[in-house]
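What follows is one structure encoded as structure tokens, with my remarks underneath.
The values are calculated or read from the model by the stated rules, or taken from the named source; none is laboratory data. All values reported here derive from a predicted model rather than from experimental measurement. Cβ sites come from the backbone with ideal geometry, for glycine too, and all protein chains shown count toward neighbours.
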Amino acid sequence: MFIGHFGVGFGAKPFAPRVSLGTLFLAAQFIDLLWPTLLLLGVEWVRIAPGATAVTPLIFEHYPVSHSLLAVVGWAVLIAGLYLYLRQDRRGAVVVGALVVSHWILDAIVHQPDLPVFPNGGLLVGFGAWSSLPLTLLIETTLFLVGAWLYVRRTVPIDAIGKWGLWSLIAFLFVIYAGNLFGGPPPSEEAIAWTGQMQWLLVLWGYWIEKHRHIRADA
């Protein structure tokens with residue numbers, strides 16, 4: 001899942017108005033921001049197998065640090081605790097922690113049974129929506145559009161950057177998503193890892209937009 005996670009980040013804004021969109025993106029996408037670095041370090045690994053599913057050519061062979069449920073809960077507590085320490089916003093910290101965990105839950109909907117519950121292996125989870133491209137599109141685009149709508153409804157631009165920067169981000173995310181779905185398989189596992197690092201730019205984009213939008217006065 002890709003834009004679905006960003007949709008959840010957008011949609012969390014009404015529940016945590018003090019939390020920047022960049023932070024909401026970081027939390028919702030955290031374990032996929034961590035995963036590329038672990039790939040580069042050789043701690044986790046993935047295999048490219050064209051046709052593995054209708055949506056992705058990737059087989060996730062080993063990613064217990066970033067994607068096991070127990071580890072994700074630990075990351076959620078850590079990120080939420082750090083946010084609470086820095087911002088003294090309890091409500092925001094709860095939402096940030098929930099967003100980190102939401103990533104695993106949404107991944108479980110689309111992945112094949114490859115998501116570990118415990119870091120040391122054992123039970124694997126996945127309901128396999130990636131076996132159907134139409135179903136995947138329905139799930140992800142619905143999450144994204146509803147989330148973006150909630151964000152737009154809750155905030156208002158204060159200048160042209162706040163307006164066009166947001167719509168440019170929405171359009172860019174759709175373009176990247178289409179490329180992932182309909183483009184060719186990645187050339188190597190290392191290319192996957194370096195491309196994944198580019199998601200940090202989307203987090204920064206979220207922080208940039210937030211500086212040019214305010215919470216609606218009538219919200």
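Hey, can you tell me all the residues within the range 71-108 that are surrounded by fewer than 17 Cβ atoms within 10 Å (Cβ to Cβ), within 18 Å of the chain's Cα centre (by Cα) and within 26 Å of Asn120 (Cα to Cα)?
Those that are surrounded by fewer than 17 Cβ atoms within 10 Å (Cβ to Cβ), within 18 Å of the chain's Cα centre (by Cα) and within 26 Å of Asn120 (Cα to Cα): Val73, Gly74, Val77, Leu78, Ile105.
Just name the residue that is surrounded by the fewest Cβ atoms within 10 Å (Cβ to Cβ) out of those in the range 127-163 that are touching a helix residue (DSSP H, G or I) at 6+ places or on another chain (Cβ under 6 Å) and not in a helix (DSSP H, G or I).
Ranking the candidates gives Phe127 first.
Looking at Ile170, Ile105, Ile161, Ile139, which is the one that is closer than 22 Å to Trp35 by Cα and hydrophobic (A, V, I, L, M, F, W, C)?
Ile105
May I ask you to verify whether Leu84 is over 26 Å from Ile170 (Cα atoms) and either of a type in the set (A, V, I, L, M) or assigned to a helix (DSSP H, G or I) (or both)?
yes
I need a count of the residues in the range 198-219 that are surrounded by 14 or more Cβ atoms within 10 Å (Cβ to Cβ) and within 20 Å of the chain's Cα centre (by Cα).
Final tally of qualifying residues: 10.
Taking Ala217 as meeting all but one of (1) within 24 Å of Pro57 (Cα to Cα); (2) outside any helix (DSSP H, G or I), write down the number of the exception.
Here Ala217 clears every test but (1).
Tell me yes or no: at least one residue of the range 186-194 is assigned to a loop (DSSP other than H, G, I, E, B), within 24 Å of Thr53 (Cα to Cα), in contact with a strand residue (DSSP E or B) (Cβ under 8 Å, 6 or more places away or on another chain) and not small (Gly, Ala, Ser).
Looking through the range 186-194, at least one residue is assigned to a loop (DSSP other than H, G, I, E, B), within 24 Å of Thr53 (Cα to Cα), in contact with a strand residue (DSSP E or B) (Cβ under 8 Å, 6 or more places away or on another chain) and not small (Gly, Ala, Ser).
Take the conditions under 13 Å from Met1 (Cβ atoms) and at pLDDT 95 or above and apply them to Leu69. Does it pass?
When the stated conditions are applied, Leu69 does not pass them.
Which residue pairs have Cβ atoms closer than 7 Å, lie 6 or more positions apart in sequence or on different chains, and pair a first residue in the range 73-87 that is closer than 12 Å to Ser102 by Cβ with a second residue that is not hydrophobic (A, V, I, L, M, F, W, C)?
Close Cβ pairs satisfying both conditions: Ala76/Gly97.
Only one residue in Gly121, Gly97 is modelled with pLDDT of 95 or more and in contact with a helix residue (DSSP H, G or I) (Cβ under 8 Å, 6 or more places away or on another chain). Which one?
Answer to the check: Gly97.
Looking only at the range 87-103, count every residue that is within 11 Å of Val19 (Cβ to Cβ), in a helix (DSSP H, G or I) and out of contact with any Ser or Thr (no Cβ under 7 Å at 6 or more places or on another chain) and tell me the total.
The number of residues fulfilling the criteria is 7.
Applying the selection to the range 179-194, what residues are of a type outside the set (A, V, I, L, M) and touching a residue at least 12 places away in the same chain (Cβ under 8 Å)?
The answer is Asn180, Pro185, Pro186, Ser188, Glu189, Glu190, Trp194.
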